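Down below is the structure, laid out as structure tokens.
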Amino acid sequence: MDAVGAALPEGRTPRLERFSASATTGGTAFEVELRRSGRTVAVAADQSLLDAVRTELPDVPYSCRQGFCGTCQQRVLAGGIDHRDELLTDAERDDSMLICVSRCTGKRLVLDL
């Protein structure tokens with residue numbers, strides 16, 4: 001599928017149908033600061049970032065929980081991102097992430113929430 005995407009004209013992306021998501025858990029535990037709300041949440045190694053955030057902010061939107069739709073995309077203010085989605089462009093990956101599947105590469109992440 002990567003070869004198909006590379007062969008398309010610039011600006012065009014193939015429409016893909018996936019039957020399983022990237023792993024949303026696994027790795028190490030970390031904490032996430034929700035800057036606008038002034039809260040900090042622990043994210044366990046076996047927990048998705050989305051689930052951890054929703055314990056404090058239950059109205060955070062999401063849909064697919066598989067990193068395909070983009071509904072849960074959030075702006076990242078600080079911290080390294082382990083992108084596990086197939087949706088975001090390289091430019092979007094610089095300062096945002098899909099919190100349903102992606103994780104932090106370090107010990108702390110700061111989101112604009």
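The values are calculated or read from the model by the stated rules, or taken from the named source; none is laboratory data. Please read all numbers here as calculations on a predicted model, not as lab measurements. Reconstructed Cβ throughout: ideal geometry from the backbone, glycine too, with neighbour counts over all protein chains shown. Remember, those area values only see protein heavy atoms, side chains included, never the ligands or the DNA or RNA. Shrake-Rupley method; radii C 1.70, N 1.55, O 1.52, S 1.80 Å.
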Q. What accessible area per residue, rounded to a whole number of Å², is obtained for the range 41-113 using a probe radius of 1.4 Å?
A. 47
Q. If you place +1 on the Cβ of every Lys and Arg and -1 on the Cβ of every Asp and Glu, how big does the dipole about the Cα centre of the range 46-113 come out, in debye to the nearest 20?
A. 180
Q) If the chain between Ala91 and Asp59 were fully stretched, how many nm would it gain, using 0.36 nm times the residue separation less the Cα-Cα distance? A) 8.8 nm
Q: Give the long-range amide H neighbours of Thr71: residues separated by 5 or more places, or on another chain, with amide H under 5 Å away, using H modelled in the peptide plane at 1.01 Å from N.
A: Ser63, Cys64
Q.
Out of all DSSP beta bridges in the range 28-113, what portion is antiparallel? Express it as a percent rounded to 5.
A. 75
Q: For Ser37 paired with Asp112, estimate the spin-label separation in nm (one decimal), with each label point 7 Å from Cα along the Cα-to-Cβ line.
A: 1.7
Q. Within the range 78-105, what residues put their amide N at less than 17 Å from the label point 7 Å along the Cα-to-Cβ vector of Ala45?
A. 103-105
Q.
If I compute solvent accessible area with a 1.4 Å probe over the protein chains, what percent of it on the range 42-113 is carbon and sulfur?
A. 44
